[in-house]
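Written below as structure tokens is the structure these notes are about.
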Amino acid sequence: MPYLHAPEDLGELLEGEPRFRVDQLRDWLYKTPVLQTEDMTNLPQEVRSRFSDRLWPFTVEVEQSADSGTTRKWLFRAPDGAAIEAVLMGYPRRATLCISSQAGCALGCTFCATGQFGFERHLEPGEIFAQVAYAQAFLRQIGMPGVPDHLTNVVFMGMGEPLANYNRVREAIRRMVEVMGLSARAITVSTVGIVPGIKRLAEDPWPVYLAISLHAADNELRTSLVPINKRYPLEMLVAAAWEYFEKKGRRLSIEWTMMDGVNDTDDQATKLAVIANRLRAHVNLIALNPTPLTEETASPERRIEGFARLLANHGVNVTIRNTRGREIDAACGQLRIVAGKSGIAG
Ligand code: SF4
């Protein structure tokens, strides 16, 4: 499985072959990824056959399409049974891939499908990067109607908390930026608030976007929804986010999942406005995609609009995000539930 080797170590796979063959293979994996080894046209059959049945570090267990073919969701399965989810969302000028950094998640946010499963394991850098390569190959070779033929954005908003798997995520980002050539400005790392991870990210050379999944604007409510808030309370999180902003000069975003009667009150909006203004952050509101495993339900549309208006009245930049892929359960961890229900999952 070549993606499990660092790009610099691919020579180990092609022992005895000249250097240019290793470079060719690296280009097929990183620069112009392809869905199968047969498409690596300048590599001799003998070389391709060395890894033809194991190009990807996972198999595609479920593939679903929605929104007239402009949303595609994959449930990948690693050989040890770990589930990896990725969602590709196409727009006229953008193709955004949402990727996973862990199989499962240990942080147990109450409203999150992945959180209810618990933690399986960290994903390796190659498993994280391969999601990007797979989507890139998909766009180039199969494509989506009216969507660019390459990825324009990658967001770490799938399964897992990326900053709880720091070193591997860092290495995956390095491969995206330094080997694939994706702009760091096209990458967003989303965290529920692992403060030491935010500080480390600030030290790294790449100016990736930082998104804070806030969901509540006071410690009491936040700890009840996002238990890690107990260890890294709001004051610490806001201070670390500000430090990141100052160091990188990248606008921060705040993600807020709207839950009916939970965090959609005027009081929360007012408190959120204070934090958003302090961080000069953009706020994204998204209705909860409820799952059979979570108690919370989505805020009604009118409440979301009212909440957004209140924020705007306080001078906050706010966007109501549409929920892509509703009919295919495109929120993180949800495809796995569906697969489990239908007996597909192991
Ligand atoms: S919201 Fe993110 S951090 Fe929280 S349980 Fe889900 S995957 Fe983990």
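Odds and ends about this structure:
- Boolean, Arg303 is over 30 Å from Gly249 (Cα atoms), among the charged types (D, E, K, R) and in contact (Cβ under 8 Å) with a residue 40 or more places away in the chain: yes
- Residue check for Arg94: surrounded by fewer than 20 Cβ atoms within 10 Å (Cβ to Cβ), within 16 Å of the ligand (Cβ to nearest atom) and not β-branched (Val, Ile, Thr): no
- Residue count for the range 39-62 satisfying the condition of being closer than 29 Å to Pro148 by Cβ and without any contact (Cβ under 8 Å) to a residue 12 or more places away in the chain: 2.
- You will find that of Arg309, Arg251, Arg280, the residue that is modelled with pLDDT of 95 or more, within 20 Å of Ser190 (Cβ to Cβ), surrounded by fewer than 21 Cβ atoms within 10 Å (Cβ to Cβ) and not hydrophobic (A, V, I, L, M, F, W, C) is Arg280 and no other.
- Residues satisfying the stated conditions in the range 78-95, i.e. assigned to a strand (DSSP E or B) and touching a helix residue (DSSP H, G or I) at 6+ places or on another chain (Cβ under 9 Å): Ala83, Ile84, Glu85, Ala86, Val87, Leu88, Gly90, Ala95
- So Glu178, is it assigned by TED's automatic domain parsing to the domain that holds Leu252, free of Cβ contacts under 8 Å to residues at least 40 places away in the same chain and not in a loop (DSSP other than H, G, I, E, B): yes
- Boolean, Ala164 is more than 18 Å from Val87 (Cβ to Cβ) and within 16 Å of the ligand (Cβ to nearest atom): yes
- Residue within the range 212-235 that is without any contact (Cβ under 8 Å) to a residue 24 or more places away in the chain and crowded, with 18+ Cβ neighbours inside 10 Å present: yes
The values are calculated or read from the model by the stated rules, or taken from the named source; none is laboratory data. Nothing here was measured: the structure is a model prediction, and the numbers come from that model. In this analysis, Cβ positions are derived from the backbone assuming ideal geometry, glycine residues included, and neighbour counts consider all displayed protein chains.
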